[in-house]
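Quick notes on the structure that follows.
The values are calculated or read from the model by the stated rules, or taken from the named source; none is laboratory data. All values reported here derive from a predicted model rather than from experimental measurement. All Cβ positions, glycine included, derive from the backbone under ideal geometry; neighbour counts span all protein chains shown. Side chains are part of the model used for accessible areas, which takes the heavy atoms of the whole protein and leaves out ligands, DNA and RNA. Shrake-Rupley method; radii C 1.70, N 1.55, O 1.52, S 1.80 Å.
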Amino acid sequence: MDKSLLSKTAAAMVARGKGVLAADESSGTCEKRFKSVGVECTEESRRTYRGLLFSTPGAEQYISGVILFDETVRQKTNDGVLFPEYLAKKGILPGIKVDKGALDLALCPGEKVTEGLDGLRGRLADYFKLGARFAKWRAVIAIGEGIPSHACLYANAHALARYAALCQEASIVPMIEPEVLLDGSHTVERAEEVTEAALRATYSAMAAHNVCLEHLILKTSMVVSGKECPRQAPVDEVAERTIRVLKRTVPAAQPGIVFLSGGQTDEAATAHLNAMAAMQGLPWPLTFSYSRALQNPALKAWRGQAGNAAAAQKAFHHRARMNGLAAQGKWKPELEKQAA
């Protein structure tokens, strides 16, 4: 374990005004997104699209790192440079998604546990050689009638902690992602309750597995109303509830927190981040690690056409810049007009 490398990586991931691009969609997820804009999902089209994002001029001003998928970490630019090497040269940290996805949790109907611990030590060593300096593991916590159960919260927390310990052993910074899903009709109060329970379980497991908090990044959900809830909490309330939960559960020793957008609209994810980052006296920096909320406009502009590459890069650059400003509490809705 190289502690100085871990410290340097963790600090760079949450550098002021920068956030992490999640470009680690599985081929299945990619297919759904490509289908929405009429693009055939092939290994080559995925390489082209991700290469377009990574090569956006000036993206490194707002993007500190990129989470890659196993396929992407081995792919090359048009000039034959491996993506991790290309990103590192731009001053962007290459990261890697290492979990194998969420599967049904035995004897817990409607709940999932993330798998992928088998063979992880060897895979992490390989990813380190390929240039990855941080990793991500996502757990999914659903809210519903009688769920999440204690078993679900602790099974996922245990897996996150074992993953994090293996990452640190390999000199790779673990990004832990206990995502509380916004699917459902639950209230914002219920979302707050579940988010707090999930984070308490997660940090209890981190302590039990000797995970070093100074070399750990949390990727967390915001406390928002369920998608089908008649009352959608306004921006200020989302910010207030989310920060309250984080202050109660996340140790100040941690280098920073990144948020997932989790199905929010592009602008809502930016507005929520801005409201939280503008709060005074927080013990850790807050920033973003978005997938759709950074990529949506670029994907719609690209549509698989080489001639649309510049427009797609412009759209991606704009969203990256907006979120870079939001991470400093400096975003304003009128700035969005500049994308036109």
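Quick check on LYS219: is it buried (at least 17 other Cβ atoms within 10 Å of the Cβ) and of a type in the set (D, E, K, R)?
Numbers: buried (at least 17 other Cβ atoms within 10 Å of the Cβ): yes; of a type in the set (D, E, K, R): yes.
Spelling it out, LYS219 is indeed buried (at least 17 other Cβ atoms within 10 Å of the Cβ) and of a type in the set (D, E, K, R).
Evaluate the stretch 49-64: report whether one residue or more is among the acidic types (Asp, Glu) and outside any helix (DSSP H, G or I).
Here is the first cut: in the stretch 49-64, the residues among the acidic types (Asp, Glu) are 60.
Pick out the ones that are also outside any helix (DSSP H, G or I) and you get none.
Checking the stretch 49-64: not a single residue is among the acidic types (Asp, Glu) and outside any helix (DSSP H, G or I).
Residue by residue, here is whether (1) assigned to a loop (DSSP other than H, G, I, E, B); (2) over 20 Å from the mean Cα position of the chain (by Cα); (3) on the phi < 0 side of the Ramachandran plot holds:
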| residue | (1), (2), (3) |
| --- | --- |
| CYS229 | yes, yes, yes |
| GLN232 | yes, yes, yes |
| GLU240 | no, yes, yes |
| ARG248 | no, yes, yes |
| GLN254 | yes, no, yes |
| ILE257 | no, no, yes |
| GLN264 | yes, no, yes |
| LEU273 | no, no, yes |
request  = Check the stretch 95-108 and report whether any residue there is over 27 Å from TRP284 (Cα atoms), among the β-branched types (Val, Ile, Thr), in a loop (DSSP other than H, G, I, E, B) and modelled with pLDDT of 95 or more.
outcome  = no
Filter result (open to solvent by 10 Å² or more (accessible area, probe 1.4 Å) and under 16 Å from THR114 (Cα atoms)) within the stretch 171-216 = GLU179, VAL180, LEU181, ALA205
query = In the stretch 138-153, which residue that is surrounded by 18 or more Cβ atoms within 10 Å (Cβ to Cβ) and not hydrophobic (A, V, I, L, M, F, W, C) is farthest from LEU260 (Cα to Cα)?
reply = PRO148
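Within the stretch 22-77, how many residues are at positive phi and open to solvent by 30 Å² or more (accessible area, probe 1.4 Å)?
Step one: of the stretch 22-77, the residues at positive phi are 38, 58.
From what is left, the residues that are open to solvent by 30 Å² or more (accessible area, probe 1.4 Å) are 38.
Residues that pass the stated criteria total 1.
Starting from residues that are over 16 Å from the mean Cα position of the chain (by Cα) and either over 15 Å from ASP236 (Cα atoms) or of a type in the set (Val, Ile, Thr) (or both), keep the ones in the stretch 275-291 and report whichever is surrounded by the most Cβ atoms within 10 Å (Cβ to Cβ).
Restricting attention to the stretch 275-291, the residues satisfying the condition of being over 16 Å from the mean Cα position of the chain (by Cα) are 275-284.
Narrowing the set further to residues that are either over 15 Å from ASP236 (Cα atoms) or of a type in the set (Val, Ile, Thr) (or both) leaves 281-284.
On the way: GLY281: 5, LEU282: 15, PRO283: 12, TRP284: 18.
Ranking the candidates gives TRP284 first.
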ask   = Are there any pairs with C-beta distances below 8 angstrom linking a residue in the stretch 193-208 that is closer than 13 Å to LEU160 by Cβ to a residue that is of a type in the set (Gly, Ala, Ser) and open to solvent by 10 Å² or more (accessible area, probe 1.4 Å), with the two at least 6 apart or on different chains, and if so which?
value = none
task = Would you please list the contacts, defined by Cβ atoms under 8 Å and residues six or more apart or on different chains, that run from a residue in the stretch 157-168 that is farther than 13 Å from LYS136 by Cβ to a residue that is part of a helix (DSSP H, G or I) and of a type in the set (Gly, Ala, Ser)?
result = ALA157/ALA198; ALA157/ALA201; ALA157/SER204; ALA157/ALA205; HIS158/ALA205; ALA161/ALA205; ALA161/ALA208
task = State all residues of the stretch 306-340 that are farther than 28 Å from MET13 by Cβ and either of a type in the set (Gly, Ala, Ser) or open to solvent by 80 Å² or more (accessible area, probe 1.4 Å) (or both); if no residue qualifies, say none.
result = ALA306, GLY307, ALA310, ALA311, GLU334, LYS337, ALA340
task = Determine if the stretch 85-97 includes at least one residue that is closer than 30 Å to SER149 by Cα, in contact with an Asp or Glu (Cβ under 6 Å, 6 or more places away or on another chain) and open to solvent by less than 60 Å² (accessible area, probe 1.4 Å).
result = yes
